[in-house]
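Okay, structure first, notes after.
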Amino acid sequence: MIEIYKNNILKFVENKIEIISISSDITLKLEVDTKSHMITSVSYNESNIDDIMKGILNAFCSVIINLPIIEASNHGVLRLEYLLRDASKKPIDGIITPNNTLKEFLILQDLIRDCFKQYKQKIKNAPTGNAYIVASVKEWVKLSDNIKKEKLNELIDSYFKDINQNDCDYSISVIKPMRVEFLVYNESLKNVGHFLLELEKYIQKVLKVPIEVMYTEKIDNNRVRQKSRK
């Protein structure tokens, strides 16, 4: 009689593996679903860790949980650096990566990449290519440009209220699914780079979509001046 139930019973069997990596006296422990290759649990040892490292580790755990392990290995520390960076202060000139900022980021990069290396050794069907796209991105791409603009306008109005910037006359144009142009008519925004980065973070946090915001300033009726956030 068990055969009648067996297939449905097996759907509820957890197929998980524990991966442990140690570097610079920090132990990172992952639990990974071997069917979906998603990280289902993350923890670390709390002994001999100062508050800075503890905060970084807590943020990292929140960043990589529920990600495919290959995505965490490839981009987990990049996501972490972007999350923690103060947009008003640029740590270095040129391209910013975990490799040229904090040594703590490098420790985490070594840990998560070692975890993925172990996972590939233990799981025969482990992914070798990273084609991870979050569901929210797939849904965003399906929307028409008009609906995208409506949603973005609502978010930007809300953002302006949060920062007490209610007198800015602007419009939004959708250039590509993941790129929009922000056109200001009546005034120049101070510290444009900081503003754009914070606006991007706000949009990405709410929509869960990696949208890039380009800035265009209206000089007169016929001329505009484009700026990026770089």
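Screening the candidates SER47, SER136, SER73 for the property of being buried (at least 16 other Cβ atoms within 10 Å of the Cβ), at negative phi and of a type in the set (Gly, Ala, Ser) yields one hit, SER73.
So which of ILE133, ILE107, ILE156 is out of contact with any Asp or Glu (no Cβ under 9 Å at 6 or more places or on another chain), part of a helix (DSSP H, G or I), of a type in the set (A, V, I, L, M) and within 15 Å of ILE211 (Cα to Cα)?
Selected residue: ILE156, the only one of ILE133, ILE107, ILE156 that is out of contact with any Asp or Glu (no Cβ under 9 Å at 6 or more places or on another chain), part of a helix (DSSP H, G or I), of a type in the set (A, V, I, L, M) and within 15 Å of ILE211 (Cα to Cα).
I want to confirm something. Restricting to region 219-230 and keeping residues that are touching a Ser or Thr at 6+ places or on another chain (Cβ under 9 Å) and closer than 26 Å to ILE147 by Cβ, which single residue is modelled with the lowest pLDDT? Checked region 219-230; the qualifying residue modelled with the lowest pLDDT is VAL224.
The values are calculated or read from the model by the stated rules, or taken from the named source; none is laboratory data. Computed from a predicted model, the values in this text were never measured in an experiment. Neighbour counts are summed over all protein chains in view; Cβ atoms, including those assigned to glycine, are modelled from backbone coordinates with ideal geometry.
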